Ligand code: KG4
Ligand code: ZN
């Protein structure tokens, strides 16, 4: 397979990348020089909205229906054809196993029939890679804070393609907590963007939330306590979607979530003295988080990087970008039939 990788490197080939780890069916075409030729994302938000969260069985069935048209659209927008594709890349995990299997089986079948290599990609590493799509020259060492609907993790990056897990959520992910509060108040799904919009102009100091305290200066996160405290306030004050205090409540909750995220990052900056800090994942779209993240960078004298909004939420461009980088670094590519999906991350166990 080394011979294959060398050939790919020389001919400035194209990668077709596929991402189906949760409720977005996504495909992208990206060159080995990491130029994004197309980036198609088909969201299933409307299907899951009545349930206030992702229903795994609905998600995997929908991926089955949409994966082919999404891939065809990505090829069409890139003005290319399947026969011009030199390698495939696909998200292996972590994520919803049924959803992952749709993407993995599709990519494996395509790779096998085209006699091309397929590169399995870790979803969390792909989110971190999304920052490098916009900023290829980030200095090392760096810290990366990944905040999404399924994950809240902090990584130490000593060099390119090296990841050390420093902390992760012990319960809910930050995006999940926002989604659950929105669901409880009947505000819609996904909750993060709705909460951000409704919290605009609200007083973030109006409601107080105790921040989670980890023992032993652990860099783990916890959001279930914040969520429970929020639900208690909602019940006690009788808050609803039309309540006059809702704006202040949502602004206060959003601010508490941002403080909890950045508290761990601040501890890690002190301990690891990075040159750069990276913010990624769907919640990285949040303006309050971005503003405070940049403020923290200024205070601590490091450089802050976060991707453009289209690369924050799940997409296949970040999957293809990581595959291109793995090829450039000569990472081994296992045979097609060895590729498998995994629901839980095992890439970062220490
Ligand atoms: O990265 P992503 O697309 O999927 C996962 O890998 O989980 O992240 C989705 C999460 C959802 O929880 C959604 O509510 C949140 O990102 N999100 C936001 C915003 N946009 C999306 N949270 C806060 N503010 C936003 N503007
Ligand atoms: Zn994600």
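Some values worked out for this structure:
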| item | result |
| --- | --- |
| For segment 260-350, the Rg and Dmax computed from alpha carbons only, in angstrom | 16.5, 49 |
| Computed E for residue 233/residue 33 - FRET, C-beta separation, R0 45 angstrom, nearest 0.05 | 0.30 |
| Relative exposure of 314, 340, 245, judged by other C-beta atoms within 10 Å (fewest first) | 340, 245, 314 |
| Isotropic mean projected area of the C-alpha convex hull, segment 109-190 (nm²) | 8.3 nm² |
| More than 20 angstrom apart: percent of Cα pairs within segment 11-99 | 36 percent |
| Zone residues, segment 230-258, relative to residue 287, backbone N less than 20 Å from point 7 Å out along Cα-to-Cβ | 245-258 |
| Spin-label model distance (nm) - residue 270 vs residue 112, 7 Å beyond Cα toward Cβ | 5.4 nm |
| Residue order, fewest to most beta carbons within 10 Å, for 51, 155 | 51, 155 |
| Spin-label model distance (nm) - residue 161 vs residue 46, 7 Å beyond Cα toward Cβ | 4.1 nm |
| Debye-sum result for segment 228-278 in log10 I(q)/I(0), which assumes one identical scatterer on each alpha carbon, at q = 0.19 Å⁻¹ | -0.68 |
| Cα gyration tensor shape of segment 122-168, rounded if a/c is under 1.5, else prolate or oblate by comparing a/b with b/c | oblate |
| Spherically averaged projected area of the chain from its Cα convex hull (nm²) | 17.1 nm² |
| Isotropic mean projected area of the C-alpha convex hull, segment 184-307 (nm²) | 8.0 nm² |
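The numbers here are math on the coordinates, done by the rules we state, and not lab data. What you are looking at is a predicted structure, and each value in this text was computed from that prediction instead of being measured. As a convention, Cβ positions derive from the backbone with ideal geometry for all residues, glycine included, and neighbour counts pool all protein chains shown.
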